[in-house]
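Computed from the coordinates by the stated procedures, all read-outs in this text should not be read as laboratory data. Just so it is clear, the model here is predicted, and its values are computed rather than measured. All Cβ positions, glycine included, derive from the backbone under ideal geometry; neighbour counts span all protein chains shown.
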Amino acid sequence: MYVEVVKSKLHNVSVTEANLNYVGSITIDEDLMDEANIIENEKVQVVNNNNGERLETYVIKGERGSGVICLNGAAARKVAVGDVVIIITYAMMDLDEAKEFKPKFVFPDTETNRLV
């Protein structure tokens, strides 16, 4: 049996941009991606603490050290610049592995989206 578990989480980062005129996705600072073990094109869930919206999209690399969190395309309608979001990844694994697995939770500075 396989189960889906939380793989990693960027907790309480601020949206820095919302770009409606883009094909889609979320742009995340590459430093944050590395710290949370998120890879480019990985599926993520984005939970907006300000308005309760939840959406799924995929990740593209943002400029390293920039603090960028940009919702692109249709997802841009679900956020406003300054909203605080949680970005979550999941992984499928067998039950025994899931029982031992430890997810990576990252808590950057909410105002700058930089690692502390």
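Stretching the chain fully between Asn37 and Asn50 yields a gain of 2.2 nm (0.36 nm per residue, less the alpha carbon separation). Taking a straight line from the alpha carbon of Lys7, these lysines sit under 18 Å away, with near neighbours fewer than eight places off in the same chain left out: Lys43, Lys99, Lys102, Lys104. Here the residues Met93, Met1, Met33, ranked from fewest to most Cβ neighbours within 10 Å of their Cβ, fall in the order Met1, Met93, Met33.
Relative contact order for the chain: 46 percent, from Cα pairs under 8 Å spaced at least 6 residues apart, divided by residue count.
In plain terms, the C-alpha convex hull of the chain casts an average shadow of 7.0 nm² when viewed from every direction.
Taking θ as phi - 60° and the Karplus parameters 6.51, -1.76 and 1.60, the scalar couplings of segment 69-80 work out to 9, 10, 8, 10, x, 4, 4, 4, 6, 9, 9, 10 Hz in sequence order, x denoting glycine and proline.
For Leu115 and Asp96, the difference between the fully extended length at 0.36 nm per residue and the C-alpha to C-alpha distance is 3.6 nm. Cα-based values for segment 10-74, radius of gyration first and Dmax second, are 10.9, 29 Å. Helical runs (DSSP H, four residues minimum) scored at -39500 (n - 2.57) apiece and divided by the length of the chain put the mean residue ellipticity at 222 nm at -2500 deg cm²/dmol.
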